[in-house]
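Visitor: First the structure, which I've put down as C-alpha cells, then a few questions once you've had a look.
A short reminder: the numbers here are calculations on the coordinates, not readings from a lab. Treat the numbers as computed from the prediction; the structure is a model and nothing was measured. Cβ placement follows ideal geometry from the backbone for every residue including glycine, while neighbour counts extend to all protein chains displayed.
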Amino acid sequence: MTGLWGAVGAGTGELRFHVDPERRGMSRVTADGEIVVPVRPVTDILDELHIDPARVGLVWVDVEGQECAVIEGAGDLWNSAPWVLEMRSVLGDLASLAMKFRDREVLVLTENDLPSNRTLSVKEIDDIINHRVTEICLDVLVLPKSA
C-alpha cells in the first residue's frame, strides 16, 4: 500500500464508504457506500511506519461506529495506551464497545475534550451493554488496565 489512504479496521480487505457531502465528519462505512477503500489493522500500519506500539502515548479514534473494529485490529495497543473514543447512540454497536470498557477507568470528556471529574460508572457501562440506555453522546478517555 502506498501512503496511508484507507480505513482502519479489524483485518485487511476493503470496505464500502459513504462520503457525506454536507457534513464530511459524518462520512462512514456503510453497506451501500459509493466508494470502496482499503482497510488495514492498526498493527499493520504501525509496522509499515516502523512505530513501536510501546511508544504510542495516546490513540484518538473518531470513526463513526467502527470503534470495535479499530480496537480489534490494534493488538496490544488497546491494553497499553490510553484511548479517546466517541460514543454516539446512532452509530455502531455501543453494547460491544461498552463491553471493552470492563476493568478500565473511563473518564468522560468535557465539550473541550478535557478529562472531567466524572468517570463512566460500572452501572452506566452495564446499562449500555444491556440496552437500558437508548441515547448517548459522550467522548470518553479509556485508560489501560492497571498493572
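Visitor: Considering only C-alpha atoms, what is the centroid distance from region 105-129 to region 7-66, in Å?
Guide: First find each Cα centre; the distance between them is then 24 Å.
Visitor: Now, a different point. Kindly write out, for region 75-80 in residue order, the coupling ³J(HN,Hα) from the Karplus curve 6.51 cos²θ - 1.76 cosθ + 1.60 (θ = phi - 60°), rounded to whole Hz, with x marking Gly and Pro.
Guide: So the Karplus estimates, Gly and Pro as x, are x, 5, 4, 4, 8, 10 Hz.
Visitor: Sort the chain into rounded, prolate or oblate with this rule: let a ≥ b ≥ c be the square roots of the eigenvalues of the Cα gyration tensor; rounded if a/c is under 1.5, and if a/c is not under 1.5, prolate when a/b is larger than b/c, oblate otherwise.
Guide: oblate
Visitor: Please list, in chain and number order, the residues 5+ apart from T30 or on another chain whose amide H is under 5 Å from its amide H, with Hs placed from the backbone.
Guide: For T30, the qualifying residues are R16, F17, H18.
Visitor: Let me ask something else about it. I'd like the Karplus ³J(HN,Hα) series for region 46-58: coefficients 6.51, -1.76, 1.60, θ = phi - 60°, whole numbers in Hz, and an x wherever there's a Gly or Pro.
Guide: 4, 4, 4, 8, 6, 9, 6, x, 5, 8, 7, x, 6
Visitor: What does the charge count around P41 come to, taking other residues whose C-beta lies under 10 Å from its C-beta (Lys +1, Arg +1, Asp -1, Glu -1)?
Guide: -2
Visitor: Quick one: Cα convex hull volume of region 74-147, Å³ per residue?
Guide: 96 Å³
Visitor: What order, most packed first, do the peptides 104-116, 36-48 have when packing is the mean number of other Cβ atoms within 10 Å of each residue? Intermediate results must be reported in sequence, preceding the final value.
Guide: Values: 104-116: 14.2, 36-48: 15.8.
Answer by packing, highest mean first, reads 36-48, 104-116.
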